[in-house]
Amino acid sequence: MWREIRDREAGKTRPNSFKNRVSSSRIFDLQLSNYKDVVSPHRGSINSLQVDLTEGRYLLSGASDASASVFDIQHATDFEGGGEGALIAKHKSLITIDKQHQNGHKFAISSAIWYTIDTGLFVTGSYDHYIKVWDTNSTQMVMNFKMPGKVYRTAMSPLATSHMLIAAGTEDVQVRLCDIASGAFAHTLSGHRDGVMTVEWSTSSEWVLVTGGCDGAIRFWDIRRAGCFLVLDQSQSQLGRRPPLLARSAVNKVSTSKALSKGQNYLCKTKVASEEIW
């Protein structure tokens, strides 16, 4: 490793080559745990993971096969004998909700989050246009919200004491706030010009929400007021940024043609002046 660093400092190794070598060496050094194994019941890719915020014990997962599961990652459900007399702790799902459930999602679950103050409830959002709230103990759906499009992301504020809102980002341009207390939409936030891919609550204020959309903008909202109070727009906020290559080439062509025309005019004037003198 030190040799690689010295070569990089001396300029013998290019930045990309140095990055690839370091990444490869770290990957080769990785070792999976031989003492803990989480047995996944999912048959598709896992799209969402979250450990509960209260006990730090239960892992919630959502997958592309429309299933959601809960695991106890502290206490194993079973043990198996490993090599050299070691035991492997097996963590199987405590509950699993899939398409076979009477109220299960029909399409991929894109977001699965815990209720912030206890593990009695969790929330799932899916490409079937629904956000559903589940009772962990009974594995029954206690509430659902019909959304205008695919649900990409859901989030609840870890600081909230005055509201029980689920912020939802969908393929629709509006951000919707679902109120668990009333079972209805609180209000919508309008400003994005394309689908909203991600939403995240502030870690310093229960009223501030941050959203990112397919329009390339990051917007900051105070949900007590209308409209966002800050926009980070890539196409507008990067002052002094160089124009795209095609734009630069067009500008260069125009400037070159202007310079040539000025040079030709200067030569013509010089020629006329010399003829008048002679």
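Would you please name the residue that is surrounded by the fewest Cβ atoms within 10 Å (Cβ to Cβ), looking only at residues in the range 115-158 that are part of a strand (DSSP E or B) and of a type in the set (Val, Ile, Thr)? Only one residue fits best here, namely 142. The range 1-106 holds strands (runs of 3 or more DSSP E) entirely within its bounds, and those carrying 2 or more residues that are open to solvent by 70 Å² or more (accessible area, probe 1.4 Å) and of a type outside the set (Gly, Ala, Ser) map to 46-51, 78-81, 87-97.
Of all residues in the range 109-128, those that are charged (D, E, K, R) have Cβ atoms under 8 Å from Cβ atoms of residues that are in a loop (DSSP other than H, G, I, E, B) and buried (at least 22 other Cβ atoms within 10 Å of the Cβ), 6 or more apart or on another chain, in 128/66; 128/105.
Restricting the range 159-175 to residues that are of a type outside the set (S, T, N, Q) and touching a His at 6+ places or on another chain (Cβ under 8 Å), which is most open to solvent (accessible area, probe 1.4 Å)?
Residues of the range 159-175 that are of a type outside the set (S, T, N, Q), as a first pass: 159-160, 163-169, 171-173, 175.
Applying the additional criterion that residues be touching a His at 6+ places or on another chain (Cβ under 8 Å) yields 173, 175.
Working: 173: 54, 175: 0 Å².
Filtering the range 159-175 for residues that are of a type outside the set (S, T, N, Q) and touching a His at 6+ places or on another chain (Cβ under 8 Å), the one most open to solvent (accessible area, probe 1.4 Å) comes out as 173.
The rows are residues; the columns are (1) open to solvent by 30 Å² or more (accessible area, probe 1.4 Å); (2) closer than 18 Å to residue 116 by Cβ; (3) in contact with an Asp or Glu (Cβ under 7 Å, 6 or more places away or on another chain); (4) aromatic (Phe, Trp, Tyr).
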| position | (1), (2), (3), (4) |
| --- | --- |
| 184 | yes, no, no, no |
| 189 | no, no, no, no |
| 193 | yes, no, yes, no |
| 202 | no, yes, no, no |
| 211 | no, no, no, no |
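Residue-wise test of (1) polar (S, T, N, Q); (2) under 24 Å from residue 172 (Cβ atoms); (3) over 20 Å from the mean Cα position of the chain (by Cα).
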| position | (1), (2), (3) |
| --- | --- |
| 46 | no, no, no |
| 55 | no, no, yes |
| 72 | no, no, yes |
| 87 | no, no, yes |
| 91 | no, no, yes |
| 111 | yes, yes, no |
| 133 | no, yes, yes |
| 139 | yes, no, yes |
| 145 | no, yes, yes |
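Every test in (1) touching a helix residue (DSSP H, G or I) at 6+ places or on another chain (Cβ under 6 Å); (2) within 16 Å of residue 48 (Cβ to Cβ) is passed by residue 169 save one, and that test is (1).
The values are calculated or read from the model by the stated rules, or taken from the named source; none is laboratory data. Remember, it's a predicted structure, so these values are computed and weren't measured experimentally. So basically every Cβ, Gly included, is an ideal-geometry build from the backbone, and we count neighbours across all protein chains shown. Heads up: the accessible areas ignore ligands, DNA and RNA and are worked out on the full protein's heavy atoms, side chains in. Shrake-Rupley method; radii C 1.70, N 1.55, O 1.52, S 1.80 Å.
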